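Presented below is the structure to which this report refers.
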Amino acid sequence: MAITISQHRIDGAPFRPSPNHGSAFAAGLPDAIIVHFTGGASAESSVSWLVNPQSKASAHVVIGRDGSIVQLVPFDTVAWHAGASSHGGRTGYNRFSIGIELDNPGRLKRTEGGDYVASFGRKYPPDMVIAATHRNERVESYWLAYTEPQLESAFALCSALCQHYPIHEILGHEEIAPGRKDDPGPAFPLDAMRYRLINRGRDEDTGFRRKPSGDIDPGAPAITQGFVTASLLNFRAEPRPTADPVAPPLPRGTLVDVLDQKAGWHQVRVNGKIGWLKSEYVKTA
Ligand SMILES: [Zn+2]
């Protein structure tokens, strides 16, 4: 999927203008993308709220669980999505960043009966739920998986934005307002997206770089990219079901660099870590 942008709007995407915006960005901006979840029940309900003057909040776009994108504010205009925020010496991220909202209910509670329930009362089936530890926390909690179409749209949009604007930061709301915000949460492959869109452009070599040990260098360029399709996929040190994990299991939708394949296993890199995934749960481009 490729997304194109003309006159600060996504070509072909519905535009539902929100009054909740500031003036035009200053010269050389936006240079950052902030990823959010809506915390709402549906993309439509979130769009309705963000175009309502009473909400005093918006983002530039909302991405639904079917991957569809609705734009609310043109990309040359400050939208009100970040609130009080700071990172790397800058404060007030609205004036630097494009805000992307993904339809997702946010943190779920597990009831004694084993149901997973959103703050607004809806129950979600266990096979859509990820148990993971938030980057700002120490204890595991429950999150609704993002859908593959939704992650593909988010990735395609961020890729187009990086080509169109001088983007050098892709951050979660949870990283610019820690303690106050927990979106997009551990179900969103933020580190993988950042690695792929911001850092990878710095790779200068082509072809695999093998270390003397025969291992692939952590900076080796990938053959291709893929997504994890299982709700949680073991990430192992060797291509064997009993091998040790190299990192916690990867949530559905995690973007991986595929480095090698053999006998039903894909060797992949995620956030600089290299290990093996069962091939049947990796969808490659
Ligand atoms: Zn947010």
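The values are calculated or read from the model by the stated rules, or taken from the named source; none is laboratory data. Since the model is a prediction, treat every value here as computed from it, not as a measurement. All Cβ positions, even for glycine, are placed from backbone atoms using ideal geometry, and neighbour counts span all protein chains on display.
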Which condition number does residue 142 fail, the rest of (1) touching a strand residue (DSSP E or B) at 6+ places or on another chain (Cβ under 9 Å); (2) at pLDDT below 95; (3) among the hydroxyl-bearing types (Ser, Thr, Tyr) being met? (2)
With respect to residue 7, determine if the residue is polar (S, T, N, Q), at positive phi and either more than 16 Å from the ligand (Cβ to nearest atom) or touching a residue at least 40 places away in the same chain (Cβ under 8 Å) (or both). yes
Residues that are within 16 Å of the ligand (Cβ to nearest atom) and closer than 30 Å to residue 124 by Cα: does segment 66-78 have at least one? yes
Exactly one of these conditions fails for residue 136: (1) more than 10 Å from the chain's Cα centre (by Cα); (2) buried (at least 19 other Cβ atoms within 10 Å of the Cβ). Give me its number. (2)
When residue 54 is run through (1) loosely packed, with under 15 Cβ neighbours inside 10 Å; (2) assigned to a loop (DSSP other than H, G, I, E, B), the failure sits at (2)
Where a residue in segment 28-42 is of a type in the set (Gly, Ala, Ser) and its partner, wherever it lies, is part of a strand (DSSP E or B) and within 8 Å of the ligand (Cβ to nearest atom), with Cβ under 9 Å and at least six apart: 40/101
Take residue 176 and tell me if it is among the hydrophobic types (A, V, I, L, M, F, W, C) and within 16 Å of the ligand (Cβ to nearest atom). yes
Can you confirm whether residue 13 is part of a loop (DSSP other than H, G, I, E, B) and more than 15 Å from the ligand (Cβ to nearest atom)? yes
Answer yes or no: is there a residue in segment 172-179 that is at pLDDT 65 or above and either closer than 24 Å to residue 279 by Cβ or polar (S, T, N, Q) (or both). no
Is there a residue being over 20 Å from the mean Cα position of the chain (by Cα), among the polar types (S, T, N, Q) and surrounded by 18 or more Cβ atoms within 10 Å (Cβ to Cβ) anywhere in segment 25-48? no
